[in-house]
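The values are calculated or read from the model by the stated rules, or taken from the named source; none is laboratory data. Bear in mind that the values here come from a model prediction, so they are computed numbers and not experimental data. Positions of Cβ are generated from backbone atoms using ideal geometry, with glycine treated the same way; all protein chains shown enter the neighbour counts.
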Amino acid sequence: MGTSAFFAKPETSAERREYYQRLEQKHAAPLWEVLGDLIPAQPRPTAGPALWRYQEMRSLLLEAGRLITAKEAERRVLILENPSMPGTSLITQSVYAGLQMVLPGETTSTHRHATSALRFVIESDQGYTAVDGERTTMHPGDFVLTPSWMYHDHGNPGDTPVVWLDGLDIPIVNLFGTSFAESYPGKTPDELQPVTKQEGDAEARYGQNLLPLEYKPSRLSSPVFNYSYARSRDALDQLYRNGPLHACHGVKMQYANPATGGYPMPTIGAFLQLLPTGFRGAGYRSTDAAVYCVAEGAGRSKIGDTELDWRKNDVFVVPSWYPVSHQAQEESVLFSFSDRPAQKVLGLWREEVVQN
Ligand code: GTQ
């Protein structure tokens with residue numbers, strides 16, 4: 001990766017070094033010694049390419065299920081920590097990812113935080129998330145939002161474990177020093193937020209190409225909070241048949257806020273793409289590092305010099321500005337999320353087609 005510094009470092013000398021030491025005592029430092037590292041000529045992500053095999057993670061999650069309840073843990077989550085960023089709890093510099101499991105009969109407490117969260121459902125029969133007084137039943141492949149500062153809790157009334165991928169903008173919120181979190185103020189710690197809306201209300205109100213009369217968005221996030229896999233998958237299938245395929249992305253769509261056409265949440269965007277059997281994508285890179293979850297199929301992605309083989313439910317990460325190309329061994333669907341909306345609103349986002 002591009003490690004070349006645009007700004008060259010000047011020669012040093014005994015006299016300069018002695019001066020730098022005196023600066024240090026005054027909590028000051030010479031910019032010319034660090035400029036190239038502070039302002040690199042191109043992104044130098046601390047994250048590296050990495051993959052987590054679902055089969056392995058699933059058995060570790062089941063072990064966690066024997067060791068701790070969802071209640072005691074608050075959230076029973078295995079953090080996916082980038083191997084190049086030990087100790088950070090992060091999968092990239094700007095987003096966090098984890099695998100969460102809710103066992104049959106469990107509920108989690110109701111809480112809210114400034115950090116925005118998304119869920120991409122991996123296993124669920126009757127699992128649900130409740131957000132701001134409305135429950136939504138989760139099915140594999142569903143993309144579910146938990147926007148900033150909305151009370152949420154999860155439950156599993158079914159007979160099999162529920163597992164999903166969590167994505168949160170934790171490092172962005174902490175970068176700005178803007179983290180707040182609190183439990184639902186119930187009479188007991190176990191009291192959940194009340195369910196005040198019929199399941200499906202948000203979907204009917206905002207998710208059917210219709211909007212309530214005089215509707216004005218009252219929040220920055222999408223009023224739809226479950227984007228069902230069945231519908232997204234159908235769209236990809238039809239668009240594939242209609243063609244053409246994008247040379248890098250296959251058929252790739254972004255999840256949209258139906259009230260604005262913008263991203264579903266202000267800091268996190270999400271995408272779903274279909275790669276037909278035998279697809280060999282061209283190289284591409286963008287400044288938004290992306291976390292992928294394999295919804296269907298099997299294939300291989302080349303990320304910089306690293307080749308990662310993936311299959312259903314595996315999670316992998318493409319760091320900022322690394323060239324990536326995808327190949328599909330069988331018809332595959334990839335979900336991904338990134339901080340693209342935040343980069344775009346700040347005027348920072350870049351992309352290009354590259355050799356890879
Ligand atoms: O489900 O509310 O992975 O609060 C990390 C923090 C999930 C959640 C995470 C959280 C949650």
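The criterion of at least 3 residues that are away from the ligand (no atom under 14 Å from the Cβ) is met, among helices (runs of 4 or more DSSP H) falling completely within the stretch 28-132, by 35-38, 54-67. Within the stretch 239-295, being part of a strand (DSSP E or B), in contact (Cβ under 8 Å) with a residue 40 or more places away in the chain, closer than 24 Å to Phe225 by Cβ and of a type outside the set (A, V, I, L, M, F, W, C) holds for Gly269, Gln273, Tyr292. When residues in the stretch 88-112 are screened for being over 19 Å from the mean Cα position of the chain (by Cα) and under 26 Å from Ser336 (Cβ atoms), 2 of them pass.
Quick one: in the stretch 296-318, which of the residues that are assigned to a strand (DSSP E or B) and of a type in the set (Lys, Arg) is nearest to Pro45 (Cα to Cα)? Within the stretch 296-318, the match that is nearest to Pro45 (Cα to Cα) is Lys302. Look at (1) at positive phi; (2) among the charged types (D, E, K, R); (3) under 19 Å from the mean Cα position of the chain (by Cα) and you find that Arg76 fails only one, number (1).
Note on the stretch 142-167: residues that are within 25 Å of Asp234 (Cβ to Cβ) and part of a loop (DSSP other than H, G, I, E, B) total 2. Scanning the stretch 223-238 for residues that are assigned to a loop (DSSP other than H, G, I, E, B) and touching a Phe, Trp or Tyr at 6+ places or on another chain (Cβ under 7 Å) returns Pro223, Val224. Can we say Leu23 is of a type outside the set (Gly, Ala, Ser) and either within 16 Å of the ligand (Cβ to nearest atom) or crowded, with 18+ Cβ neighbours inside 10 Å (or both)? Criteria not met by Leu23. When residues in the stretch 193-241 are screened for being at positive phi and in contact with a helix residue (DSSP H, G or I) (Cβ under 7 Å, 6 or more places away or on another chain), 0 of them pass.
Is it the case that Leu78 is loosely packed, with under 15 Cβ neighbours inside 10 Å and of a type outside the set (D, E, K, R)? Against the criterion (loosely packed, with under 15 Cβ neighbours inside 10 Å and of a type outside the set (D, E, K, R)), Leu78 does not qualify. Mind telling me which of the residues Thr115, Thr110 ends up being more than 28 Å from Phe271 (Cβ to Cβ) and either touching a strand residue (DSSP E or B) at 6+ places or on another chain (Cβ under 7 Å) or surrounded by 22 or more Cβ atoms within 10 Å (Cβ to Cβ) (or both)? Of the residues listed, the single one that is more than 28 Å from Phe271 (Cβ to Cβ) and either touching a strand residue (DSSP E or B) at 6+ places or on another chain (Cβ under 7 Å) or surrounded by 22 or more Cβ atoms within 10 Å (Cβ to Cβ) (or both) is Thr110. If you check Thr160 against the conditions, is it away from the ligand (no atom under 12 Å from the Cβ), of a type in the set (Ser, Thr, Tyr), over 21 Å from Asp201 (Cα atoms) and modelled with pLDDT of 95 or more? Taking the combined requirement at face value, the residue satisfies it.
When you look at Thr136, is it over 25 Å from Glu81 (Cβ atoms), β-branched (Val, Ile, Thr), within 16 Å of the ligand (Cβ to nearest atom) and crowded, with 18+ Cβ neighbours inside 10 Å, yes or no? In short, yes. Contact map, the stretch 329-356: residues that are within 18 Å of Leu275 (Cβ to Cβ) and among the charged types (D, E, K, R) paired with residues that are modelled with pLDDT of 95 or more and not in a loop (DSSP other than H, G, I, E, B), Cβ distance under 8 Å, separation 6+ or inter-chain. Pairs shown: Glu330/Ala298; Glu330/Gly299; Glu331/Leu274; Glu331/Leu275; Glu331/Glu296.
Within the stretch 330-356, the set of residues being in contact with a strand residue (DSSP E or B) (Cβ under 9 Å, 6 or more places away or on another chain) and either assigned to a loop (DSSP other than H, G, I, E, B) or at pLDDT below 95 (or both) comprises Glu330, Glu331, Asp339, Trp349, Arg350, Gln355, Asn356. Kindly indicate whether any position in the stretch 178-200 is in a helix (DSSP H, G or I) and in contact (Cβ under 8 Å) with a residue 24 or more places away in the chain. Within the stretch 178-200, not a single residue is in a helix (DSSP H, G or I) and in contact (Cβ under 8 Å) with a residue 24 or more places away in the chain.
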